[in-house]
Amino acid sequence: MDLKIKYFGLLAEITLCNEEVLEFSETTISEVLEVLHNKYPSLRDKDFQVAQDLEIVSKDSIVSATEIALLPPFSGG
Amino acid sequence: MKNRKIKNVFREGAIASQFIGDSIAKHQSKTTIGAHSIFLGQVRADELEGKTVSAIEYTAHEEMANIKFHEIRETTFEKFNLSCMHIYHSLGLVKTGEICLFVFVSSPRRKEVFKALEFVVEEIKAKVPVFGKEIFEDSSHQWKVNS
């Protein structure tokens, strides 16, 4: 299925895009991340959280949305 | 939980002192208020390896961030006896010395605003997906991390 992935901050510098749609057969967030790590090896050692349906989810969550976001450490304010 | 509308907290560029002054003036008609407390986040000229930060460029997951700001507002209204609360955060470029975050809480009584203000600011720092790119004078940059 098609999954839109949004990248923010430092992560968008690594992927050279703010978002992209990729086709996945993987079912958990960590499986999706494994594919992304292979596509962008420098993501592997970066600290980030994953949001699905605008909420932070754990990496063993099942992919249930059509969009996820990769969020580096927050630095607002 | 009261059903308030989700607001757009973001403003393009620095938050002007005129805007802050006008916000204070608008509260003169709300005469049940006895205490305001204001937090202003200012971009600091941090130094790293001999280079000085000249600006921070803010980006955000805006949709998620506005929901998080809204949840923080709702939680704060539940925890503290506040009359009103306003939050504004910059997006885009904010130079050192300029204001990037404006939090304004009001209550009939002073003790509530001191506690509420600290709570709101700490929640924003921890929970809202905003990302600051610190830009140095030589145009190099690093990504800020909240401590």
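The values are calculated or read from the model by the stated rules, or taken from the named source; none is laboratory data. Remember, predicted model here, so these are calculated numbers, not experimental data. A quick note on method: Cβ atoms are made from the backbone with ideal geometry, for glycine too, and the neighbour counts reach across all protein chains shown. All accessible areas refer to the heavy atoms of the entire protein, side chains included, with ligands and DNA or RNA removed. Shrake-Rupley method; radii C 1.70, N 1.55, O 1.52, S 1.80 Å.
Residue by residue, what Karplus-based ³J(HN,Hα) values in Hz, rounded to whole numbers, does segment B:92-99 have, using 6.51, -1.76 and 1.60 with θ = phi - 60° and x for Gly and Pro?
Whole-Hz 3J(HN,Hα) from phi for segment B:92-99: x, 7, 10, 7, 4, x, 8, 8.
Counting alpha carbon pairs within less than 8 Å and at least 6 residues apart, what relative contact order, in whole percent, applies to chain A?
Reported as a whole number, the value is 39 percent.
Would you mind checking B:K95/B:K125; A:K4/B:K144; A:K59/B:K68; B:K5/B:K95 for any pair whose Cα atoms are more than 22 angstrom apart?
Table pairs above 22 Å Cα-Cα are A:K4/B:K144; B:K5/B:K95.
Can you work out the accessible area per residue across segment A:2-71, with the rest of the protein chains kept in place, probe 1.4 Å, in square angstrom?
52
For segment B:107-112, take each phi angle, set θ = phi - 60°, evaluate the Karplus expression 6.51 cos²θ - 1.76 cosθ + 1.60, and give the result in whole Hz per residue in order, putting x for glycine and proline.
These are the phi-based 3J(HN,Hα) values: 8, x, 10, 5, 4, 5 Hz.
Please give every one of the aspartates and glutamates within straight-line cross-link reach of A:K6, meaning a C-alpha to C-alpha distance under 17 Å, and leave out same-chain neighbours fewer than 8 residues apart.
Reachable aspartates and glutamates: A:E19, A:E20, A:E23, A:E31, A:E34, A:D47, A:D53, A:E55, A:E67, B:E62, B:E63.
Which three extents, in angstrom, do the Cα atoms of segment B:35-85 have along their principal axes, listed largest first?
Extents along the principal axes, in whole Å: 46, 30, 13.
Hey, any idea what % of the protein assembly as shown's accessible area is carbon plus sulfur with a 1.4 Å probe?
49
Using Cα centres only, tell me the gap between segment A:1-57 and segment B:24-80 in whole Å.
29
In a solvent-free Debye calculation with one equal scatterer on each Cα, what is log10 I(q)/I(0) for the protein assembly as shown at q = 0.13, 0.16, 0.17 Å⁻¹, listed in the order of the q values?
-0.83, -1.11, -1.19
In what sequence, highest mean first, do B:112-124, A:20-32 appear when ranked by Cβ atoms within 10 angstrom?
By packing density, highest mean first, the sequence is B:112-124, A:20-32.
So how strong a dipole does segment B:10-143 carry about its Cα centre when Lys and Arg Cβ are +1 and Asp and Glu Cβ are -1, to the nearest 20 debye? Please list the in-between numbers first.
Numbers: 16 positive and 19 negative charges, 156 e Å.
Once rounded to the nearest 20, the dipole reads 740 debye.
Taking all protein chains together and a probe of 1.4 Å, list B:S37, B:S140 from the most accessible to the least accessible. If you can, show how the numbers build up before the last one.
Numbers: B:S37 15, B:S140 35 Å².
Sorted descending by solvent-accessible area, the residues read B:S140, B:S37.
Can you give the Rg to Rh ratio for chain B, taking only C-alpha atoms and Rh from Kirkwood?
1.00
Please figure out what share of the DSSP beta bridges in chain A is antiparallel and state it in percent, rounded to the nearest 5.
Of all bridge pairs located within chain A, approximately 75 percent are antiparallel.
In chain A, which longest range has no trypsin sites (Lys or Arg not before Pro) that are both DSSP loop (not H, G, I, E or B) and surrounded by at most 16 other Cβ atoms within 10 Å?
No qualifying site falls inside A:1-43, the longest such stretch.
Charges at C-beta only: +1 for Lys and Arg, -1 for Asp and Glu. How large is the resulting dipole of chain A about its Cα centre, in Debye rounded to 20?
Here chain A has a charge dipole of around 220 debye.
Using only Cα atoms, what Kirkwood radius does segment A:2-71 have, in angstroms? Walk me through the intermediate numbers first.
Values: mean 1/r = 0.0839 Å⁻¹.
One over the average 1/r among Cα pairs gives 11.9 Å for segment A:2-71.
What does the accessible area of B:K79 come to, in Å² to the nearest 10, when a probe of 1.4 Å is used?
120
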